[in-house]
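Undergrad: A single structure is presented below for examination.
The values are calculated or read from the model by the stated rules, or taken from the named source; none is laboratory data. As the structure is a prediction and not an experimental result, all values here were calculated from the model. Neighbour counts run over all protein chains shown; Cβ positions are idealised from the backbone, glycine included. Just the protein is used for accessible areas: all its heavy atoms, side chains included, with ligands, DNA and RNA removed. Shrake-Rupley method; radii C 1.70, N 1.55, O 1.52, S 1.80 Å.
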Amino acid sequence: MEYSKDLSIIIPLYNEEESLPELVRWIEEVVQREGWSHEILMIDDGSKDGSWKQISALSQENPAIRGISFRRNYGKSAALFCGFKAAEGKVVVTMDADLQDSPEEIPEMYRMITEEDYDVVSGWKQHRQDNKLTKNLPSKLYNATARRITGIKLHDMNCGLKAYKNEVIKSIEVYGEMHRYIPYLAKNAGYEKIGEKPVHHQKRKYGTSKFGMERFVNGFLDLLSLWFLSTFGKKPMHFFGFTGILMFLAGGIMAVWIIVAKLIHQANGMKFRAVTDQPLFYLALVAVLVGCMLFLAGFICEMISRNSTERNSYNIRHTIR
């Protein structure tokens, strides 16, 4: 497939007015040195400062810059979704706008995609310049859990600096908070050659971080959701139906056993308890009812699975082409 450009750089941003001119200059130095045809896609995620004015001014000076501005803050996944949709380059690179990701890493990541045929190359911030207590330790725990669940041996799943083949980003759907797990989405789409490159991580020069500690809790919950969807998303009956049948059979067997035992004791003149006096009987009935509900839930999930037409509907305010 022919592409109009060698490289697309997608930069989602929120209130990063001060860093944008310096970031663009740095990117242009690297790109001009490599001689690539390129585009820079800046996705303004509803910034409250002058970020969009800065993007508009930069686009007047540099025709390679394209911009999209959301009317409100939708989140990083929404920004990446729109950036992926608009990208025209053979290789697509994503990076943050806060100058903590170095454009100097792009040439090697580009080479890994074009020469070593990786589908995805993820950055690995070996030496983070963040607070060790609030960022480093939770990040290590989070990434260890992600490796365990996804089976992808990446040290830094959530690093914003990544490179992709264009066909990869056109084949996946990023929504909600799933930007943390794009390598897993790519793997589930059949792109399994996923590499990693240690990258230089710099201290934030302007502004403050837009993510708090809650992102680790949310990230873990999103990981469980993604694992469930990727495993049972197209076959929910395999989970709900199987679980429902197990509970129904367990409850049914317990109820029959209690009733049969009572009848045997009664027929032989032995002391017995009424069925309704036994707590286990009510637990058995609950198990039967829950089993039926889970089985029916499986049918409902089969009908609505992956049919949400509004999943990626965003209100875009401006577009620069």
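Undergrad: When you go through L23, L41, L7 one by one, which is the residue that is open to solvent by less than 10 Å² (accessible area, probe 1.4 Å) and touching a Lys or Arg at 6+ places or on another chain (Cβ under 6 Å)? Give the derivation first.
TA: Values: L23 fails: touching a Lys or Arg at 6+ places or on another chain (Cβ under 6 Å); L7 fails: touching a Lys or Arg at 6+ places or on another chain (Cβ under 6 Å).
Only one candidate passes the filter, namely L41.
Undergrad: Right, another one. Out of the residues in the stretch 178-205 that are out of contact with any Gly (no Cβ under 6 Å at 6 or more places or on another chain), under 30 Å from E17 (Cβ atoms) and assigned to a loop (DSSP other than H, G, I, E, B), which is most open to solvent (accessible area, probe 1.4 Å)?
TA: Among those that are out of contact with any Gly (no Cβ under 6 Å at 6 or more places or on another chain), under 30 Å from E17 (Cβ atoms) and assigned to a loop (DSSP other than H, G, I, E, B), it is K203.
Undergrad: Taking interchain pairs and intrachain pairs at least six residues apart, which have beta carbon atoms under 6 angstrom, with the first residue in the stretch 248-261 and more than 18 Å from L296 (Cβ to Cβ) and the second β-branched (V, I, T) and open to solvent by less than 90 Å² (accessible area, probe 1.4 Å)?
TA: Between residues of the stretch 248-261 that are more than 18 Å from L296 (Cβ to Cβ) and residues that are β-branched (V, I, T) and open to solvent by less than 90 Å² (accessible area, probe 1.4 Å), the close pairs are I258/V275; I259/V275.
Undergrad: Let me ask something additional. Return yes or no: is F239 outside any helix (DSSP H, G or I) and modelled with pLDDT under 85?
TA: no
Undergrad: Any chance you could count how many residues in the stretch 50-59 are at pLDDT 95 or above and out of contact with any strand residue (DSSP E or B) (no Cβ under 8 Å at 6 or more places or on another chain)?
TA: Total meeting the criteria: 3.
Undergrad: While we're on this one: State whether one or more residues within the stretch 99-107 are closer than 24 Å to I182 by Cα, open to solvent by 50 Å² or more (accessible area, probe 1.4 Å) and under 24 Å from the mean Cα position of the chain (by Cα).
TA: Among the residues of the stretch 99-107, not one is closer than 24 Å to I182 by Cα, open to solvent by 50 Å² or more (accessible area, probe 1.4 Å) and under 24 Å from the mean Cα position of the chain (by Cα), which makes the answer no.
Undergrad: Given (1) at pLDDT 95 or above; (2) surrounded by 15 or more Cβ atoms within 10 Å (Cβ to Cβ); (3) touching a Lys or Arg at 6+ places or on another chain (Cβ under 7 Å), where does V92 come up short, assuming only one miss?
TA: It fails just one condition, (3).
Undergrad: Please go through (1) in a loop (DSSP other than H, G, I, E, B); (2) buried (at least 19 other Cβ atoms within 10 Å of the Cβ); (3) touching a strand residue (DSSP E or B) at 6+ places or on another chain (Cβ under 9 Å) for H155 and return the number of the only condition it doesn't satisfy.
TA: Tallying (1) in a loop (DSSP other than H, G, I, E, B); (2) buried (at least 19 other Cβ atoms within 10 Å of the Cβ); (3) touching a strand residue (DSSP E or B) at 6+ places or on another chain (Cβ under 9 Å), H155 fails exactly one: (2).
Undergrad: Next up: Test each condition in (1) at pLDDT below 70; (2) open to solvent by less than 50 Å² (accessible area, probe 1.4 Å) for F211 and report the one that comes out false.
TA: (2)
Undergrad: Among the residues of the stretch 119-132, is there at least one that is closer than 24 Å to E39 by Cβ, at pLDDT 80 or above, in a loop (DSSP other than H, G, I, E, B) and more than 19 Å from the chain's Cα centre (by Cα)?
TA: No, the stretch 119-132 has no match at all.
Undergrad: Still on this model: Can you report the number of residues in the stretch 46-83 which are in contact with an Asp or Glu (Cβ under 9 Å, 6 or more places away or on another chain), open to solvent by less than 60 Å² (accessible area, probe 1.4 Å) and either part of a helix (DSSP H, G or I) or under 21 Å from N166 (Cβ atoms) (or both)?
TA: So the answer is 14.
Undergrad: Residue check: is E28 closer than 20 Å to Y191 by Cα and either at pLDDT 95 or above or outside any helix (DSSP H, G or I) (or both)?
TA: So E28 does not fit the description; no.
Undergrad: Go through the residues of the stretch 21-43 one by one and say whether even a single one is among the aromatic types (F, W, Y) and over 19 Å from A163 (Cβ atoms).
TA: Looking for residues that are among the aromatic types (F, W, Y) and over 19 Å from A163 (Cβ atoms), one finds none in the stretch 21-43, hence no.
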